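S.K.: Pasting a structure here, questions to come.
The values are calculated or read from the model by the stated rules, or taken from the named source; none is laboratory data. Just so it is clear, the model here is predicted, and its values are computed rather than measured. Neighbour counts run over all protein chains shown; Cβ positions are idealised from the backbone, glycine included. Heads up: the accessible areas ignore ligands, DNA and RNA and are worked out on the full protein's heavy atoms, side chains in. Shrake-Rupley method; radii C 1.70, N 1.55, O 1.52, S 1.80 Å.
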Amino acid sequence: MGKKGTNYFVLTAAHCLDSNNTYVKQDTATLGVVHSRGHYSNIDVGLIRVTTASTITRYATNYFYELAENKDDYDRRVTGSSTPIQGQFVCKSGITTGVTCGNISTLKTTYIDPNGLAPGTRNVARITPLSGVDYSQTGDSGAITYDPTTYRVVGIHSGGGGLTGLMTRINDVISLYSDSTNTFSIYSSSTDALLVSK
């Protein structure tokens, strides 16, 4: 989750979202509304603003799934964010392939999706997975990419598959959504904040 001023956002890949101001559901419950998609800045990030339109109780939390045995048992907490560096060992926690890891092999490159899921050119970092690891598959997009020693978010998974992974650098996201009045930040409090009570 991210925060700017008094607003809380769920971060995902922009290509996972419909147009701005449309409602987003998690299973059958309304989560919030599409606030922004970063395609106009060539980064594959989307923000879902959690609103009172949510149909169930919602909390801001920094939990994510790393080692838990089922997808309902979040077992790690994000401690913040950090700028990724060339060669850094990182992991992503996706819904399809779970946790997979590798090294940032190219810190800044561009990518054009041959399937047209994410229109235009994307500015990304490329990750080379550990030997024999299928880094990502369809459905993993929007997952966090993090440093497995500090638990700081370094990016948002943007795609790839097999022998490569792509991520939007978190510093690009923070730069895009921060302004002179408010800084956009990753929610890292160990206290879950009640956003919507139903």
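S.K.: Being closer than 20 Å to Ile144 by Cα and hydroxyl-bearing (Ser, Thr, Tyr) is the filter; apply it to segment 6-36 and report the residue that is most open to solvent (accessible area, probe 1.4 Å).
M.R.: Among those that are closer than 20 Å to Ile144 by Cα and hydroxyl-bearing (Ser, Thr, Tyr), it is Tyr8.
S.K.: Cβ-Cβ below 8 Å, separation at least six or inter-chain, first residue in segment 86-100 and over 14 Å from Leu67 (Cβ atoms) and of a type in the set (Phe, Trp, Tyr), second open to solvent by less than 40 Å² (accessible area, probe 1.4 Å) and at pLDDT 90 or above: which pairs?
M.R.: Final answer for the pair search is Phe89/Cys101; Phe89/Gly102; Phe89/Asp147; Phe89/Pro148.
S.K.: While we're on this one: Only one of (1) open to solvent by less than 10 Å² (accessible area, probe 1.4 Å); (2) at pLDDT 95 or above is not met by Val124, so which one is it?
M.R.: (2)
S.K.: Within the bounds of segment 51-60, is there any residue that is open to solvent by less than 70 Å² (accessible area, probe 1.4 Å) and in contact with a helix residue (DSSP H, G or I) (Cβ under 9 Å, 6 or more places away or on another chain)? Before you say what the answer is, go through the steps one by one.
M.R.: Narrowing segment 51-60 to residues open to solvent by less than 70 Å² (accessible area, probe 1.4 Å): 51, 53-54, 57-58, 60.
Filter again for in contact with a helix residue (DSSP H, G or I) (Cβ under 9 Å, 6 or more places away or on another chain), leaving none.
Within segment 51-60 (the criterion being open to solvent by less than 70 Å² (accessible area, probe 1.4 Å) and in contact with a helix residue (DSSP H, G or I) (Cβ under 9 Å, 6 or more places away or on another chain)), the answer is no, since none of the residues qualifies.
S.K.: Between a residue in segment 2-28 that is modelled with pLDDT under 85 and assigned to a loop (DSSP other than H, G, I, E, B) and any residue that is among the polar types (S, T, N, Q) and surrounded by 15 or more Cβ atoms within 10 Å (Cβ to Cβ), which pairs come within a Cβ distance under 7 Å, given they are 6 or more apart or on different chains?
M.R.: Short answer, once both residue conditions are applied: Asn20/Ser36.
S.K.: Now for a separate question. Looking at Thr149, Thr110, can you tell me which residue is more than 24 Å from Val78 (Cα to Cα), of a type in the set (Val, Ile, Thr) and open to solvent by 20 Å² or more (accessible area, probe 1.4 Å)?
M.R.: Thr110
S.K.: Here is a further query. Given the options Ser190, Ser131, Ser136, Ser180, name the one that is open to solvent by 50 Å² or more (accessible area, probe 1.4 Å) and in contact (Cβ under 8 Å) with a residue 24 or more places away in the chain.
M.R.: Answer to the check: Ser190.
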